[in-house]
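Trainee: Here you go, one structure.
The values are calculated or read from the model by the stated rules, or taken from the named source; none is laboratory data. Just so you know, these numbers come straight off a predicted model, no measurement behind them. All Cβ positions, even for glycine, are placed from backbone atoms using ideal geometry, and neighbour counts span all protein chains on display.
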Amino acid sequence: MNARGTAGSEVKTIPRVDTEDFNASIAGWKTTLFNCNCHTFAEVINQLMKAVGCPLATASQLASTVHETGSAVVYRGTKPNCDRIAASLSSIGLVVDVSW
């Protein structure tokens, strides 16, 4: 037994959650990507992976949703993060909006 009276247990550190970003993701700021028919799927997918930091499968699904429905929310979080992602996506001419 250790000093706490439990056999072989260790104290584990739980990663810190950015509560501001978490709270904003529930009902806050969002970055929306719109279909513009001026980029290839590969361009959109690559830029989504760079901007949002998502894996290929997620970026592919988002690109398909944008193509099929005309738009998709690609990120939810704080306004500065939404603005940063919007700037990255629009840097190649993609049409985006940041809204509450």
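Trainee: Note down all Cβ pairs under 6 Å where the first residue falls in the range 63-75 and is free of Cβ contacts under 8 Å to residues at least 12 places away in the same chain, the second is outside any helix (DSSP H, G or I) and surrounded by 14 or more Cβ atoms within 10 Å (Cβ to Cβ), and they're at least six residues apart or on different chains.
Mentor: As it stands, the answer is T65/A72, since those pairs meet every condition given.
Trainee: Moving on to the next point. Looking only at helices (runs of 4 or more DSSP H) that fall completely inside the range 1-71, which ones have 1 or more residues that are out of contact with any strand residue (DSSP E or B) (no Cβ under 6 Å at 6 or more places or on another chain), at pLDDT 60 or above and basic (K, R)?
Mentor: 41-52
Trainee: Let me ask something additional. Taking into account only those residues within the range 31-49 that are surrounded by fewer than 20 Cβ atoms within 10 Å (Cβ to Cβ) and touching a residue at least 24 places away in the same chain (Cβ under 8 Å), which is nearest to R76 (Cα to Cα)?
Mentor: Ranking the qualifying residues of the range 31-49, first place goes to T32.
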